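The values are calculated or read from the model by the stated rules, or taken from the named source; none is laboratory data. Here the structure is a predicted model, which means the values were calculated and not measured. Note that we place each Cβ from the backbone using ideal geometry, even for glycine, and neighbour counts take in every protein chain shown. Keep in mind that these areas ignore ligands, DNA and RNA; they rest on the heavy atoms of the full protein, side chains included. Shrake-Rupley method; radii C 1.70, N 1.55, O 1.52, S 1.80 Å.
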Amino acid sequence: MVLEQIQAVYFIGAGGIGMSALIRYFLSKGIRVAGYDRTPSPLTGRLISEGADIHFQDNVDLVPEPFKNLPYTLVVYTPAVDETHSELTYFRTNGFEVLKRSQILGLITKSNRGLCIAGTHGKTTVTSMTAYLLKQSHVDCNAFLGGILKNTGSNLMLSDRSDLTVIEADEYDRSFHQLSPYMAVITAADPDHLDIYGTPAEYRKSFEHFTSLIRPQGALIMAADAPLTPQLHDGVKLYTYSANNQSADFHATNIRVSNREFFFDFVGPDMLIQDIQLGVPVRVNVENSVAAIALASLNGVTPDEIRAAIQSFAGVERRFDVRLKKENLVYIDDYAHHPEELRNSILSVKELYADRKVTGIFQPHLYTRTRDFAAEFAQSLSLLDELILLDIYPAREEPIPGITSQVIFDQVTIPHKTLCTKAQLPAIIASGHYEVVLTLGAGDIDRLVQPIQEILASK
């Protein structure tokens, strides 16, 4: 099957952020779309309103009949779906073309010039920044994002005049090995997903294999401190980037904070862009911006276009997402779920609000990640002034004996810490006194963001 032959697409795991971008892509082509997801969400609600037929029970009888009969129905599934899923089994048993989401993205990058951003953390922000820089310039692009860009309210960008396609390259399940990048960015290679990779060495090796997929005459832009040995074809250019290391090919200088706003100068080979103001003013976004600007500039975006777009970039939902900003109270929501991400998020917030108490509400994501990095989580969370720690969100995993949030909680060194369930959280928030609140995690803590915001707004 080739993409041009598809008449209908059925998605198993339709509510995932990466899957939803593909749903919107096929809907934009006038192709019929239906699918399954485990639970309704605001995102699935928007997809239904845009034309997708989505249900929430694993039941073959709920699959619309046309999707069972059309000769060119494509089935797309996410690795998070169990292999015993009855709808997935039905389509496989009956000879349908069944592909992972990453394989579809791979087909798209083979026909376009893919700009693929990978890394343990930072990739969603860098992907979104890069796409926004290109879209706001004379260059233009298509983009499949791993988050909802607040400037557009979507995770999909389409162009009828550019073959550049910006894609977030997911390392989970080695999905990014399906891609064929024209250019790539690697933001970090700190170990993660050890349930898949087994060891940090295998995790890094997977990133090194990803670099071997970059097309000849392309480019790799890699964080200067990434512990990787790229495997590049002849003709692929290697660049490094950093927020602080001035020996990197692309770097920032003259970083300064004024009235809780960040400014910096961007330095690249034969390029200097002065007085760039961050639209989302946190220190970690200086480095994210350097990577995005480097990739955009290599593809023809001008200095004036870059400066204007970085300032107007409103960020990504659940990435340093300022939900409430009153004179005496600030509420920020962030997707951070790896110890290094937590550290960067907390330190960035504490730098902006150095004179205020910062309270973090964290939901650990996955039993295996908690098991593998409990000490590192505790170390990062101990940077807070106050911690409220929730139960582990299991996602696709079964419980592991002895692994609960308690193993993190016991190692957190700050005196002001509370362990609670999601059900207990609203009452705790209502009874507490807060100055800066930061929610953190990749599980279903996003369902609590609006209730927390409403409670805090009433204070």
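Observations on the structure shown:
- The 3J(HN,Hα) values that the Karplus relation (6.51, -1.76, 1.60; θ = phi - 60°) gives for segment 330-338 are, in residue order, 10, 10, 10, 10, 9, 7, 3, 9, 10 Hz. Gly and Pro appear as x.
- Protein accessible area in segment 44-109, 1.4 Å probe - carbon and sulfur %: 49 percent
- Prolate/oblate/rounded label for segment 144-252 (Cα gyration tensor, a/c 1.5): rounded
- Surrounding net charge for residue 51, when Lys and Arg each add one and Asp and Glu each subtract one, Cβ distance under 13 Å: +2
- Neighbour net charge for residue 340 - beta-carbon separation under 11 angstrom, K R +1, D E -1: -3
- Each stretch of four or more DSSP H residues adds -39500 (n - 2.57); spread over every residue of the chain, this sum gives -9500 deg cm²/dmol at 222 nm.
- In this view, the solvent-accessible surface of residue 67, computed with a 1.4 Å probe and all protein chains in place, comes to about 10 Å².
- Of the cross-linked pairs 417/459; 135/326; 150/205; 123/417; 29/110, those separated by over 26 Å at the C-alpha level are 135/326; 150/205; 123/417.
- Across every pair of non-identical alpha carbons in the chain, the mean reciprocal distance, once inverted, gives a Kirkwood radius of 22.9 Å.
- The 3J(HN,Hα) values that the Karplus relation (6.51, -1.76, 1.60; θ = phi - 60°) gives for segment 244-261 are, in residue order, 10, 7, 7, 8, 5, 4, 10, 7, 9, 9, 6, 6, 8, 10, 9, 6, 6, 10 Hz. Gly and Pro appear as x.
- ³J(HN,Hα), Karplus 6.51/-1.76/1.60, whole Hz, each residue of segment 295-306, x for Gly, Pro: 5, 5, 5, 5, 10, x, 6, 7, x, 5, 5, 5
- What the Cβ-Cβ distance of residue 396 and residue 154 gives, at R0 = 22 Å and to the nearest 0.05, is a FRET efficiency of 0.25.
- Loop sites by DSSP among the GluC sites (Glu not before Pro) of the chain, restricted to those with at most 13 other Cβ atoms within 10 angstrom, leave 84-326 as the longest stretch without any of them.
- Theoretical FRET efficiency, 1/(1+(r/R0)^6), r = Cβ-Cβ of residue 277 and residue 247, R0 25 Å, to 0.05: 0.50
- Proximal charge balance of residue 330 [Cβ under 15 Å; K/R count +1, D/E count -1]: -2
- The distance linking segment 30-70 with segment 267-303 is 40 Å (Cα centroid to Cα centroid, whole angstrom).
- Cβ-Cβ distance of residue 353 and residue 140, R₀ of 41 Å, FRET efficiency by 1/(1 + (r/R0)^6): the value works out to about 0.65.
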